[in-house]
Structure formats: C-alpha cells, structure tokens
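Read-outs throughout are calculated quantities, based only on the coordinates presented, and are distinct from any laboratory measurement. Being a predicted model, the structure only gives us computed values, none of them experimental. All Cβ positions, even for glycine, are placed from backbone atoms using ideal geometry, and neighbour counts span all protein chains on display.
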Amino acid sequence: MTPRPGGPVAVTGLGLVSAAGTDVDSNWKTVLAGASTAAEDPRLADLPYRVTCRVPKTDLPGQLGRDRAWRLDRFVQLALIAARQAVTDAGLGGGAWDSARVAVVLGSTLGGTATWETQQARFHGHGPTRVSPLVLPMSLPNMASGEVAIDLGTHGPSLSTSTACASGTTAIGLARDLLLQDRCDIAIAGATEACLSPFTITAFGRMKALADPDQPAVRASRPFDANRSGFVMGEAAGVLVLERPTDARSRGAAARALVTGFGASTDAYHSTAPDPSGRGAALAVHAALADAGLGPGDVQHINAHGTSTRLNDAAEAGLIARTYSGSPSVTSTKGVTGHTLSAAGAIEAAYTVLGVQHGLQPPVANLTRVDDCAGIDLIRDRPRRQAVQAAVSHSFGFGGHNGVLVIQRA
C-alpha cells in the first residue's frame, strides 16, 4: 500500500560539532570548501590505522562546567554542546516552552567506548576497587538523550535510537512522527558518536573497513573515487530542533527548511555489506518520497551516504542511477568529516538543510578520478550554486538498516 503523506515539520534550529568545526558556521564553511579534516592521530601512534577526523581542540569542560563534564563521556559532551547550539539557534534559549511537550530523540550506537576502555584497563591492571562507579551512566548509549533532557530541563519523551550508521536519520524520522502524532510540540533530534579509541579503531581496521594506512591522510577519505580504499573514522554530534510549521510561525520563528518525508527499511542481506542490488535501500527511498508526496523525478539533490568503501559506494551509485530520474546532483560530505557512524545521518541532514536554505551544494572532497561505477552527477572541486526545492539524505548502517529523509525548501 502506498504511504499517505504525513506532513512537513520545520527545522528551526541547528547545532553542529564535528571535525569540520565546533559550530554551524564553521562546519558549513569547511564543508563548502571541500577541505579534508583527516590527519595523523597521535593518540593512535602505535596502531597501523592512525588517521582520524577529530573535533578541533576546544574546551568542552569549560563550556559545560568542569564539575559536570568530568562525569560525562565525550559522546555526551558533544551532544550537549550541539543541543545547546540548536536550541539557541531556534530562539528557545532559557526554556521558553512547556517542558512536558518537548521531546529529545538522539541516536548513538557505541556510546562511551573511551570510558569502557579506560575502566577495563583499570579493572585488569588494578582490580575491581579501582573501577569508577560512574562507568554505566557515563557509557550507556541512551545517556546522550537522558543528559540532554536533564541539561535543558525537558520532560517529554526522551528516546534513544540505535540503527548503526543510520541512527541519526532514524532519530529525526522518529522525532517527526512524534510531532505529527501530537506527542510533543518541539523535538530536539539528532545523534552523537565519539569512539576514536584504540580498541574501536582496531576493530574497524580488522574488518578492513578503514582506508589504506599508507595513503596520505588528507586524501584518505574519498567517496566515489576510483582509488578509495575505506573510510576514515570521525567524531561528531548534530542536533536539529523540529516543530510543526504552524507552531513555529505562531512564535515568530523562521524555518531553515522542512523535513517532509522519512523512509526506513532493512536489507536482510548481510551483517556488514550492503545488498549490491540496492533493493532494501530503494524501499526506504520510495517510502520517504511517498511520505513527502513526491516522485523520483522531484528530487534535485542527494546527500549520499558515500562512505568511501568500495562496496557501499558502488551499491549506492547504482541505487541512485536506477531510482531517481532527472539526474539529481550528488555529494558526500564524508570526504570532509570522515565517517562519524551514528552521528553521520544527523550532521548530513543538517548539511542538507543548509544546502537547501542557501541554494549552495557542497562538493565531494578528494574526488580526483570518478569510479566507473558512479554514473551519477557528482559535485566536484567547488560548491555548486543550485536552487533546490527537494533534497534527500541517505543513511545506511551495519545490520542492513536504511534511513532516508526528504528535506524541502521552507
């Protein structure tokens, strides 16, 4: 049965913390420049895979309050900073809301990996009495949404999504559903991940998912390039404030863009590899378009999942070529930010919102020789001035999780 359009929600606030910058403006400037943030990571000097995309040095404890920050894992710290930015951007600072009608929906799959690794070392090296009693509240993935709710004083639904690299997209889609079902009036939605720890990096390296360590760091993340060899891991948090358009207008808030559709599906194919046929991903695309009341020819721009792995990029390029008509422009911002795992869908939704709002679409960084598999309109070298009425953002995760958002001009 064809889904019925559910209606738009307005994006009234954005918050971004990534390797591309510690606020929305610096992120957007770096992404538009196609400037790779990948670099040799001194904390991983003893590992074969030692290139990451870390958030620039910033005083997170100073921003959060040192008495509080010391008991929060980094993934929660990033989420708090991004959420505060988004709420301020939406003109909701100071809690100008009915707190019982404010929802928080944040994705995170790995949670506090740095805390787990540090505390495991203490356990094995010094015994159980040296393990912190705060291990669990510091590291459970749901603590991002829980701590944001505490920080902002919200009392509506507080939920956590975990669909691997689609978690941020899933969170935004779920938050939109809560608004359309009148479960809340404001939704703070997105995702966070900060897992650039030695064991986690090693685990992805052993899977052969990471870029060839012999490549120059600055060119290691290269979506859709013929010489791509894997992704570079990054850390980030992205948060969107969502409201029903009538509610936003009634308080005089401007919408940056509208989220008009969401689709989700499962490949049911392999635990880590995408279905090369793209059948599962296509289901999510068609569901999102139907939800928005659009067809495959109505999309002018795609923010691709584009991980820089051989299997994902080939499968996604084929999906785009087969599914959309009208040759939409395509970018992947992971060439700049690296792959931020759960946070990817959230920060890429934010970049898509900015592209629609400003009529300027970012290029794919490090794209020097397009792979033969990618017969699609990839944006190269410089931003493209393009007025976009409707864009989509793809997210695909381990386990076969697929999520797609439709974002339209306000």
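For the reader, a short list of remarks on this structure follows.
- FRET efficiency, Ser277 to Leu136 (Cβ-Cβ, R0 51 Å, nearest 0.05): 0.80
- For the range 142-298, convex hull of alpha carbons as volume per residue, Å³: 175 Å³
- With neighbour counts taken as other beta-carbon atoms within 10 Å, the residues Thr272, Thr340 rank, fewest first, as Thr272, Thr340.
- For a paramagnetic label modelled on Cys373 (point 7 Å from Cα along Cα→Cβ), amide N atoms under 16 Å away belong, within the range 188-216, to 208-212.
- By average C-beta atoms within 10 angstrom, highest first, the peptides 303-309, 190-196, 215-221: 190-196, 303-309, 215-221
- Taking the chain and dividing mean pair separation by its residue count, relative contact order in percent (alpha carbons under 8 Å, at least six apart): 24 percent
- When the convex hull of its Cα atoms is viewed from all sides, the range 40-136 shows a mean projected area of 9.1 nm².
- The packing ranking, built from the mean of other Cβ atoms within 10 Å per residue, places the peptides 171-183, 59-71 in the order 171-183, 59-71, highest first.
- By the count of other C-beta atoms within 10 Å, a proxy for reagent exposure, Leu72, Leu152 are ordered fewest to most as Leu152, Leu72.
- Student exercise, the range 34-155 dipole from Lys, Arg, Asp, Glu Cβ charges, in Debye to nearest 20: 220 debye
- Of the peptides 24-30, 118-124, 316-322, the order by per-residue mean of other Cβ atoms within 10 Å, starting with the highest, comes out as 316-322, 24-30, 118-124.
- Spherically averaged projected area in nm², based on the convex hull that wraps the Cα atoms of the range 208-323: 9.6 nm²
- Cβ crowding within 10 Å, taken as a proxy for footprinting-reagent exposure, orders Ile407, Ile347 from fewest neighbours to most as Ile407, Ile347.
- Using the Cβ-Cβ distance between Met207 and Asp177 with R0 set to 35 Å, the FRET efficiency works out to roughly 0.60.
- Fraction of the pair-distance distribution of the range 9-408 above 39 Å, Cα-Cα pairs, percent: 11 percent
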